[in-house]
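To start, the structure under review is shown below, and the notes come after it.
Coordinate-derived values only; no laboratory data. What you see is a predicted model, and the numbers here were worked out from it, not measured in a lab. Quick reminder, even Gly has a Cβ in these numbers, built from the backbone with ideal geometry, and neighbours come from all protein chains shown.
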Amino acid sequence: MFPFRQITRININRLPKSMTYYLNEDRADEDVTTKLTVPEDMVSKANIEAQSPLVFAGGEIINCIFEECQVELLVKDGDAINSGDIIANLEGNARYMLSRERVMLNLIQRLSGIATAARKYSDVTKPFGVDILDTRKTTPGLRRFEKYAVNVGGAKNHRFDLKSAILIKDNHIAAAGGIKNVVENIKNSKHSKLFTELEVDTKEQLIEALELGLRAFLLDNMSPELIKECVAIIRSQPNGENIFVEASGGVTYDTLADYAATGINAISVGALTHRIVSADIHMNFI
């Protein structure tokens, strides 16, 4: 029943190109401070340490950024770790490690922050059989990594991009002149077989869409009580148990359980990626 493709791994073949871009942005090979203060041939040891409890994500990033070092990863992506736990031990050229430290930390801190939030949210809804989903509210250039971190944390990915699925929103309906026009335009297109979901704000919109044969709904900015009413309408349809129902908008961590108890299949949470607090991780020379 779940309709969306999942980002379950970091593509290690594409990783070096991405890391080169990020390192070039920081001018890592032109680190004047490090070149002026650290001997060229100095070899050092360092560790990467969690400064607070977190769910870790980004092991392959550490390996890739420090490819010329000896890297000993002590945790796996998805591991819950405590403050003071060592994530990795490094040994290599001191200049090399210092010039790459910030880019590595920026990435693994963000991904681990996302994974930590995804685990926190998913733990609330899991007993209800409800999935937590991300959105397209991601950092430009980091979407694949951020959606991977969501998956590492135990939540799931919504559509990856605008080509992956059809999600009809209020502005599409307004621009096309109504739900019926939108549905007819899709049915008459070469993309008619693509997964199609409609965002609805009212019971009236939902009833109209059900009559037009739509089989997936995003119930937007509704109270748990109104969602229960909508779910009852949906499940009463022929084969209604197989209709995908998602809630979004106005859902906070404190209200997650209320929404999860309404009979929906999933809750999408934009805050997983666009309001995230990066995890507290340090790199220390020893």
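The table below lists the values:
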item	result
From phi via Karplus (6.51, -1.76, 1.60), per-residue ³J(HN,Hα) for region 45-50 in Hz, x at Gly/Pro	10, 8, 10, 10, 10, 6
Which listed pairs, of 76/193; 156/228; 45/156; 120/193; 147/180, have C-alpha distances above 28 Å, in listed order	76/193; 45/156; 120/193; 147/180
Protection proxy ranking of 256-267, 119-130 - average other beta-carbon atoms within 10 Å, highest first	256-267, 119-130
Compactness of region 40-104, expressed as Rg and Dmax over alpha-carbon positions, Å	11.9, 37
Sum of -39500 (n - 2.57) over DSSP H runs of 4+, divided by residues of the chain (222 nm, nearest 500)	-11500 deg cm²/dmol
Residue among 48, 63, 209 farthest towards the positive dipole end of the chain, charges placed on Cβ	209
Relative contact order (%) - criterion: Cα under 8 Å, at least six apart; region: region 1-117	33
Percent antiparallel among DSSP beta bridges (both partners in the chain, rounded to 5)	50
Taking region 48-187 and dividing mean pair separation by its residue count, relative contact order in percent (alpha carbons under 8 Å, at least six apart)	22
Most mobile of 246, 91, 225 in a GNM of the chain (Cα contacts under 10 Å)	225
Of 92, 154, 141, the one that fluctuates the most in a GNM where the chain has Cα springs shorter than 10 Å	141
Dipole axis of the chain (+1 Lys, Arg; -1 Asp, Glu on Cβ), positive-most option in 244, 192, 130	192
Using alpha-carbon coordinates, inclination of helix 15-25 to the longest axis of the chain, degrees	70
Within the chain: Cβ-based charge dipole about Cα centre, in debye rounded to nearest 20 (Lys, Arg +1; Asp, Glu -1)	840
Length-normalised contact order for the chain - Cα pairs under 8 Å, 6+ apart - percent	24
Candidate values (1) 6, 21, 26, 26, 17, 4, 0; (2) 6, 27, 35, 23, 8, 1; (3) 6, 25, 27, 18, 13, 7, 2, 0, label of the one derived for P(r) over Cα pairs in 10 Å bins from 0, in percent	(3)
Aspartates and glutamates with Cα under 12 Å of residue 137, excluding same-chain neighbours fewer than 8 positions away	146, 161
Calculated FRET value between residue 128 and residue 43, using beta carbons and R₀ = 51 Å, to 0.05	0.45
